[in-house]
Every structure is written in C-alpha cells, then in structure tokens.
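Below is one structure; the comments refer to it alone.
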C-alpha cells in the first residue's frame, strides 16, 4: 500500500535508513525529519535527469549528426521552454498540489525519454523531441523546489534550501558518471531506457515518500484553494527586483560553468582534463561546507549576504586579468564557490518569504524560470563579448555582478514576510 502520510515520526524517519546515516555526516543531525522525503527525492531526481541530459549535446552531435548551430538552438530552446514550463508548473502546483505536479511532470518526461530512440525523421525532429522531454520535467522540479519551503518552518527555510542544494550537488556528481558507465556499451538507446526507467522510479519514490500534508503547515494539504492573484507577480515590485537579481546571478553562474571552460582551454591552454578536475572542486566544496557556511552566516542579514554573494561570484573573474592561467582559474573557483554557497539558499528563501501562501508555487516557478532563461542567454551573450577579447569579457561579468548586488540589496531590503488574512480558511 502506498504511504501518503509522513507527518508522523515513524513515517518521516523511513527515508533515513540506511542512506541518511551517511548523508547526516554532511547535512548534520539537526535536519528536520519532515524534510527527508523531499531531500531524497531531490537526490534521486537530480542524479537521474542530470545524468542523461549531461550527454544531450554529445548525443545530438554523434548520433543524430546535428550541426553545431542546431545543437545551440536545442539548448537555447530548452532554456526558454523550461523558463515557461517551470512557471506554469508552479502555478499548477498551487492549484493541484506539489505531489501531483511532481508525479505528472516526471512521468511525462520519463515517457518522452523512453520513446526518444523511436522518434523517426530528420535531426530537427529528434532534437525537438529532446527539448520537449527536457522541458516536461521542469514543472516537477519547480514543484519540488517549492515543497522544500512547504515542509520547513519559516525560520528554517534558508537552512532547508541549503540542505536541498547539498543533495542537488551530490546528485549532480553521481548522475553523469552513472550515465557514462551505461555508455560504455556504446548504446544511446540503452542510456535512454535506463534514464526513463529511473525517472519512473523517481515517480514511485514521490508516491511512496512525499506527504500529501505539510507538517510545517500543521498538517494542511499541499494544494491550495483556487483563487485569483491578489496583486499579481509582475506587479509585486520587490519580487520583480529579486527576479532581476536572480537572473543576473544565474547569468554569472552559467558564465562560470559554460563560458570559463571554453576560455580556459582555448586561451589559457588548460588541458580539457585539467578543467574537469578544477570544475570538480565546486560540488565537492558545496557538499562539504554548504551547511557549515549557512550556520556560520545565520545571523547576517539577507541583504548583506545576497550583496556579498553576488560580488564574490562575479568580481572574482577580475582575478583572471592579473593571473590569466591555471592559478587564476583555481583562485576564481574558490572565491566563486563561497559566493555561490551564500547566494543560492538566501535568494530562494527570500523568494518564499515574498510569496503569498496560496501563490508560493507561482512565485517559485517564476524564480526558477529566471534561472532557466539565463542558462540560454549567458553563453550566447558572453561568447559574443569574448570575440572582443578576455579583458572585456571579465570586466563585463564583473559589472553584471555589481548590478546584481545592487538590485539584490534593494529587493532584500524591501522584503517582509507575508501575513495571510486571518479570516481566510486554508484547510
């Protein structure tokens, strides 16, 4: 029988055995039991879908024989599609519940992945199917991100998002190597079958572990009453400012993950394998120190943390003007990851604090969508700037970080926790 109620202590502890004993070494023993279901779901879903999509470009080039331009269009379409479907998924989760959207989104994505080897036609058709599969899972991810806030008390939401980030990074480290092991068979079909099956297994885990009720909301169902927006997201000026800051922050993040390796290998003459080892520093530090950083900075205001984080992430690129070599890249990575560990949890918790309770999914969907849009824009814009040289590239990203810091400061200063009308019945 499927267990849908996890608010009681015995059920809440179920996902903790035996994997959680190992993870507790990283997250600490004081993570609320109510969070373990969504943390485990984050780990499994990230490993599953990151694993298969990390090879999407390679598949498109080697199996579909798509041109470089077509692959670029595929990723740009993916970013735009996920930005839209992530927001729509957040709105749907407000109306129908996080659990239902997670199940529906990941089921559809898994089905599309399973049928990808069967898609007939030319390269554009196959690439279009892949974009649909990638975008189909975005609503589920938006719902799961929102569920983190649903399952944590308000005062613990930043720490909850820090825990979720650790699990995301562990999943990101596990997924690509697992997919690589499957590809030792030289069979793309087998990879898509394995990914689709694991995706359906993720759905089964959601059905088994994800509660229908939220302990942080005193056992209320995770679906909200269908209501019209009181103010509208786009008329909520502090939140729009936070979205702008988030888009700029993700712009910096994607520049680090997608543009820096191109420059490091082509201009600084790093071996591709050397970049791989340097890049691995980032998730390792996040897994080991994210929770510690969150605890140490707990008493610092959100506005200060968001400002400092944006500056650390972007201004650190100016190191490369003085040290255009592997030493500079390593120093940049160290500063960047510290900023990233500050930036991600505090920006997510700010978005939650700004959202009316019955529109939390919509707000978090828009929040995630801004990041997805940056994923498509950043490589396009920054590689175009790079045509003018490395100095303009790093000065541009430094200026963007100063702008992100200023906008983020204003947004955080204007943030106040939402107070829901007392007369409304939310049961």
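The values are calculated or read from the model by the stated rules, or taken from the named source; none is laboratory data. Predicted, not measured: the structure shown is a model, and the values here were computed from it. Don't worry about glycine lacking a Cβ; one is built from the backbone with ideal geometry, like all the others, and counts go over all protein chains shown.
Of note:
- Lone unmet requirement of (1) over 27 Å from residue 164 (Cβ atoms); (2) part of a helix (DSSP H, G or I); (3) at pLDDT below 85 for residue 281: (1)
- Taken together, the residues in the range 21-54 that are part of a helix (DSSP H, G or I) and at pLDDT 75 or above amount to 20.
- Boolean, residue 221 is surrounded by fewer than 19 Cβ atoms within 10 Å (Cβ to Cβ), modelled with pLDDT of 90 or more and farther than 28 Å from residue 282 by Cα: no
- One residue alone among 203, 265, 197 is more than 30 Å from residue 305 (Cα to Cα), modelled with pLDDT under 85 and part of a helix (DSSP H, G or I), and that residue is 265.
- Within the range 308-329, the presence of at least one residue that is part of a helix (DSSP H, G or I), under 22 Å from the mean Cα position of the chain (by Cα) and either more than 17 Å from residue 282 (Cα to Cα) or at pLDDT below 90 (or both) is confirmed.
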